[in-house]
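Here the structure comes first, spelled out in structure tokens, and everything after it is commentary.
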Amino acid sequence: MSTKFGRLSEYPRVPLSVLPTVIQPMPRLSAELGLNLSVKRDDLTGLAFGGNKTRQLEFYFGAAQAQGADTIVITGAVQSNYVRVAAAAAARLGMDMHVQSEERVPDVDATYRHSGNILLGDLLGVHRYAYPSGEDEEGADKAVQAIAEGLRAEGRRPYVIPLAPGHPPLGALGYVLAAGEIVAQLQASGTSIDAIVMGSGSGFSHAGLLFGLRALGQGMAVHGVCVRRHAQAQAVRIALQCAELASMLGLKAMVSEQDIKLFDGVLAPGYGQLNPATADAIVLAARCEGLFLDPVYTGKTMAGLMALAANRTLPEGGNVLFLHTGGTPAIFAYGPQLQHWVEP
Ligand SMILES: Cc1ncc(COP(=O)(O)O)c(C=O)c1O
């Protein structure tokens, strides 16, 4: 591990991911978009259909084990990928899993409620609790602490994986390490990239990767595509997380305000809601590269990348790395909606 990451090795970590994930060229999509595009396959991190969350959870499970926890409590959207991977990690480590499901997406159908990550969570044996709001992070945080209190009263030793601001962003450490992995891969292959495009939700992946790259002296642009909230609010979060990372790692501030690049042009109508640009991006990636993207995160991120290529924020012919953060099980939860976009 690079010493450039300060105190990172002092944080306990449970290996959950199959690393490094490969970087692959995307020649047909490149030709389509006028870029030299490659993809970092973090959808292939190995555990339970993979995704970016395995890298983040290594540090939460490290902390949980260090505290002697026997139960994990987590909150997330109904179709949360985070919850699915955390439940799989809990199963693997012999821990119980309690999940608070937030109603973040309006007007969902029965497929959304039963397929995709819900089905996988049921197979993993999670205990579920409903939370009626999806935009009340503080309330969700309190409710999840109350679940943990109840479990404690029953003699369990719960560890809460928090999502709201106000907790050290342990998960971002996973993407500080991913920065080292990417830089090593680029050096080994003798290639360079001008920009990375990735989804920005909780912000842990975005902040971690940006911080890690700057700690390694790498100046490429990191474009976060907003999947959860608008750019202005997201920028505040990323800045806060980068500052917290500096203090957690005992390093100086690495990330300036100008370094935080966010695009929210494909977020509408809101979190977890499919829009035409996202459906087009999903179909294009499948048909050009055999690559599956999901409606909530990676499809929106690819739609954002396409918009940034169209408005020349990503210069023509530029070397661009798309971070595939997983989420593929959600494709099935949105099956009826996606079906509308598929030509016969
Ligand atoms: C598939 C996928 N991609 C991207 C993200 C966004 O990552 P982050 O929450 O680290 O910003 C998530 C978050 O849940 C996700 O599940």
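Derivation of every value follows stated rules applied to the coordinates shown; laboratory data play no part. The model shown is predicted, which means the values in this text are computed figures rather than measured ones. Cβ: placed from backbone, ideal geometry, glycine included. Neighbour counts: every protein chain shown.
A few notes on this one:
- All alpha carbon pair distances within the range 53-161 were sorted into 5 Å bins beginning at 0; the resulting P(r) in whole percents reads 2, 13, 24, 24, 21, 11, 4, 1, 0.
- Segment GLN258-LEU123, extension gain: residue separation times 0.36 nm, minus the distance between their alpha carbons: 44.2 nm
- Remark on the range 169-241: ratio of C-alpha radius of gyration to 2.2 N^0.38 Å is 1.09.
- The stretch between TYR11 and ALA110, if pulled fully straight at 0.36 nm per residue, gains 31.5 nm over its current Cα-Cα span.
- Between the listed residues ALA87, ALA277, LEU245, the Cα displaced farthest toward the positive end of the dipole of the chain, a dipole computed from Cβ unit charges relative to the Cα centre, is found at LEU245.
- Net dipole in debye of the range 53-161 [+1 Lys, Arg Cβ; -1 Asp, Glu Cβ; about Cα centre; nearest 20]: 480 debye
- Going from the residue with the fewest nearby Cβ atoms within 10 Å to the one with the most, MET26, MET302, MET220 rank MET220, MET26, MET302.
- Grouping the Cα pair distances of the range 214-344 into 5 Å bins from zero gives a pair-distance distribution of 2, 10, 18, 20, 18, 14, 10, 5, 2, 1, 0, 0 percent in increasing distance order.
- Point-charge dipole on Cβ atoms (K/R +1, D/E -1) for the chain, about Cα centre, debye to 20: 680 debye
- The mean sequence separation of alpha-carbon pairs under 8 Å and at least six residues apart, normalised by the residue count of the range 193-331, gives a relative contact order of 30 percent.
- Non-local lysine pairs in the chain, meaning eight or more places apart or on different chains, with alpha-carbon distances under 22 Å, amount to 8.
- The range 127-181: GluC sites (Glu not before Pro) in DSSP coil with no more than 11 other Cβ atoms inside 10 Å: GLU154
- Footprinting exposure proxy for LYS252, LYS40, LYS4 (fewest neighbouring C-beta atoms within 10 Å first): LYS252, LYS4, LYS40
- Contact order, relative form, for the range 53-161: 35 percent (alpha carbon pairs under 8 Å, 6 or more residues apart, mean separation divided by residue count).
- Convex hull projection area averaged over all views, the chain, Cα basis, nm²: 16.2 nm²
- With the charge dipole of the chain set up from +1 on Lys and Arg Cβ and -1 on Asp and Glu Cβ about the Cα centre, the Cα lying farthest toward the positive end among the listed residues THR75, PRO132, PRO315 is that of PRO315.
- Sequence of ARG156, ARG55, ARG228 once ranked by neighbouring C-beta atoms within 10 Å, starting from the fewest: ARG156, ARG228, ARG55
- Relative contact order (percent, whole number), the chain, Cα cutoff 8 Å, 6+ residue spacing: 22 percent
- Mean residue ellipticity (222 nm) of the chain, computed from DSSP H runs ≥ 4 via -39,500 (n - 2.57), nearest 500: -13500 deg cm²/dmol
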